[in-house]
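Below is one structure, written out as structure tokens; the observations come after it.
The values are calculated or read from the model by the stated rules, or taken from the named source; none is laboratory data. These numbers were taken from a predicted model, which means no experiment stands behind them. Note that each Cβ is placed from the backbone with ideal geometry, even for glycine, and that neighbours are counted across all protein chains shown.
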Amino acid sequence: MPFGWIKPEEYSFNSLLLMERFQLRYALGREEPEWTQAMGIALAANPAVVWYIKHRCPECAQSVDRLVADAPKGVSAEKLRHAEVFVIARMEDFAIYTTPEKMAANCDFIRGWNKERLFSLADFNKKAVLDIGAGSGRLAFAAAEKAAMVYAVEPVGTLREFMRDEIARLGIRNIRVLDGFVERLPYPDATFDIVMSGHVVGDFIDAELAEIDRVTKPGGWMLNVPGDSEFDIGPWKELTSRGFEEIHYVGSFGKDVHVHRKQKL
Ligand SMILES: C[S@@+](CC[C@H](N)C(=O)[O-])C[C@H]1O[C@@H](n2cnc3c(N)ncnc32)[C@H](O)[C@@H]1O
């Protein structure tokens, strides 16, 4: 189901040139026939994107060659653009990360969210805080109003640069931005009083939670804080069954939101 964050027809297929290796690997791993045909048509007409993917993500090279070889030949300009827009639309999240300045206005989880939801989950005053998958900084910038220091880990370069530009523009002195994945956090054990994320954990939940637990100090808090959505965000058994407290509220779009917290013993 589309999130409705972008108008895909406004995005160039060259947006892929701003994407990271892990995003390209994910995209090239998709196998639905409609997707592979559209991707093949688009790649065959965009040699610079082919070159970029093959050099940025060598493990994708074979898939790229196969998609291009299998793509129908002699497609019209209209059919080509349709294929490019189809691909962008199906990579809606990755596409909007190439235009981070549009996120606050377009993404429901940012524009509908009230930072008091975060402050009600733990005491942030003078704490050392980690935000994992920080995105454009929804949680990090809020936490920095109270925390001693916030570390924002984000694997997408365009988003890291956006946060750094905002930090400079606003003269913020207590946020540091760096590269990293939830699966391998670049910090020693028991570093943070609060470790938070929103819309990040879930693909490999046990490994992700183990890594979050590892970097949290005893007595510290682990928080899952999605923003308000235009769709109901249901209860999440995967977290409650692993000892997280679940807190429900009706968000600014009138839909259910569930946030989670767990104190490390
Ligand atoms: C929907 S955005 C949410 C951004 C931010 N947490 C928020 O709630 O405003 C998901 C974020 O997770 C990041 N991400 C994706 N895979 C990740 C991973 N394996 N580890 C850490 N972050 C990841 C994306 O780059 C993106 O910034």
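Given the structure, is Ser12 under 30 Å from Ala104 (Cβ atoms), of a type in the set (Ser, Thr, Tyr) and surrounded by fewer than 17 Cβ atoms within 10 Å (Cβ to Cβ)?
Numbers: under 30 Å from Ala104 (Cβ atoms): yes; of a type in the set (Ser, Thr, Tyr): yes; surrounded by fewer than 17 Cβ atoms within 10 Å (Cβ to Cβ): yes.
Against the criterion (under 30 Å from Ala104 (Cβ atoms), of a type in the set (Ser, Thr, Tyr) and surrounded by fewer than 17 Cβ atoms within 10 Å (Cβ to Cβ)), Ser12 qualifies.
Which numbered condition in (1) in a loop (DSSP other than H, G, I, E, B); (2) within 16 Å of the ligand (Cβ to nearest atom) is the only one that His258 fails?
(1)
So which residues in the range 123-143 are under 20 Å from the mean Cα position of the chain (by Cα), without any contact (Cβ under 8 Å) to a residue 40 or more places away in the chain and more than 8 Å from the ligand (Cβ to nearest atom), if there are any at all?
Within the range 123-143, Ala140, Phe141, Ala142 qualify.
Look at Glu230 and say whether it is part of a helix (DSSP H, G or I) and either within 16 Å of the ligand (Cβ to nearest atom) or outside the structural domain of Lys127 (by TED's automatic domain parsing) (or both). Let's see the steps before the verdict.
Working: part of a helix (DSSP H, G or I): no; either within 16 Å of the ligand (Cβ to nearest atom) or outside the structural domain of Lys127 (by TED's automatic domain parsing) (or both): yes.
No: the conditions fail for Glu230.
If the requirement is being part of a helix (DSSP H, G or I), in contact with a helix residue (DSSP H, G or I) (Cβ under 7 Å, 6 or more places away or on another chain) and within 13 Å of Leu24 (Cβ to Cβ), which of these qualifies: Ile53, Ile88? Quick ask: steps written out before the conclusion?
Details: Ile88 fails: within 13 Å of Leu24 (Cβ to Cβ).
Residue meeting the stated conditions: Ile53.
Are any residues in the range 122-166 outside any loop (DSSP other than H, G, I, E, B), of a type in the set (Gly, Ala, Ser) and either within 21 Å of Leu17 (Cα to Cα) or at pLDDT below 95 (or both), and if so, which ones? Talk me through it step by step, then tell me what you get.
To start, the set of residues in the range 122-166 that are outside any loop (DSSP other than H, G, I, E, B) comprises 128-132, 138-143, 149-153, 157-166.
With the extra rule that they be of a type in the set (Gly, Ala, Ser), the set shrinks to 128, 140, 142-143, 152, 157.
Gly157 - this is the single residue of the range 122-166 that is outside any loop (DSSP other than H, G, I, E, B), of a type in the set (Gly, Ala, Ser) and either within 21 Å of Leu17 (Cα to Cα) or at pLDDT below 95 (or both).
Please go through the range 71-80 and pick out each residue that is without any contact (Cβ under 8 Å) to a residue 12 or more places away in the chain and within 20 Å of Lys7 (Cα to Cα).
Ala77, Glu78
Out of the residues in the range 144-169 that are among the hydrophobic types (A, V, I, L, M, F, W, C) and within 12 Å of the ligand (Cβ to nearest atom), state the one that is surrounded by the fewest Cβ atoms within 10 Å (Cβ to Cβ).
At the first step, the residues of the range 144-169 found to be among the hydrophobic types (A, V, I, L, M, F, W, C) are 144, 147-150, 152-153, 156, 159, 162-163, 167-168.
Among the residues that remain, those that are also within 12 Å of the ligand (Cβ to nearest atom) are: 152-153, 156, 159, 162-163.
On the way: Ala152: 28, Val153: 25, Val156: 23, Leu159: 23, Phe162: 21, Met163: 23.
Taking the candidates together, the pick is Phe162.
If you go through the range 189-203 one residue at a time, do you hit one that is within 21 Å of the chain's Cα centre (by Cα) and surrounded by fewer than 14 Cβ atoms within 10 Å (Cβ to Cβ)?
At the first step, the residues of the range 189-203 found to be within 21 Å of the chain's Cα centre (by Cα) are 194-203.
Cutting the leftovers down to surrounded by fewer than 14 Cβ atoms within 10 Å (Cβ to Cβ) gives us 202-203.
Looking through the range 189-203, at least one residue is within 21 Å of the chain's Cα centre (by Cα) and surrounded by fewer than 14 Cβ atoms within 10 Å (Cβ to Cβ).
Pick out the one residue from Ala95, Ala38, Ala27, Ala105 that is over 19 Å from the mean Cα position of the chain (by Cα) and either modelled with pLDDT of 95 or more or surrounded by 14 or more Cβ atoms within 10 Å (Cβ to Cβ) (or both).
Working: Ala95 fails: over 19 Å from the mean Cα position of the chain (by Cα); Ala27 fails: over 19 Å from the mean Cα position of the chain (by Cα); Ala105 fails: over 19 Å from the mean Cα position of the chain (by Cα).
Within the list Ala95, Ala38, Ala27, Ala105, the selection yields Ala38.
Please verify whether Ile110 is in contact (Cβ under 8 Å) with a residue 12 or more places away in the chain, among the aliphatic types (A, V, I, L, M) and either buried (at least 20 other Cβ atoms within 10 Å of the Cβ) or in a loop (DSSP other than H, G, I, E, B) (or both), treating the condition exactly as stated. Step through it out loud before you land on a result.
On the way: in contact (Cβ under 8 Å) with a residue 12 or more places away in the chain: yes; among the aliphatic types (A, V, I, L, M): yes; either buried (at least 20 other Cβ atoms within 10 Å of the Cβ) or in a loop (DSSP other than H, G, I, E, B) (or both): no.
Against the criterion (in contact (Cβ under 8 Å) with a residue 12 or more places away in the chain, among the aliphatic types (A, V, I, L, M) and either buried (at least 20 other Cβ atoms within 10 Å of the Cβ) or in a loop (DSSP other than H, G, I, E, B) (or both)), Ile110 does not qualify.
Do you know which residues across the range 127-175 are over 17 Å from Leu185 (Cβ atoms) and aromatic (Phe, Trp, Tyr)?
Phe141, Phe162
Can you confirm whether Glu92 is touching a Pro at 6+ places or on another chain (Cβ under 9 Å), within 14 Å of the ligand (Cβ to nearest atom) and assigned by TED's automatic domain parsing to the domain that holds Thr36?
Numbers: touching a Pro at 6+ places or on another chain (Cβ under 9 Å): yes; within 14 Å of the ligand (Cβ to nearest atom): yes; assigned by TED's automatic domain parsing to the domain that holds Thr36: yes.
Yes, satisfied.
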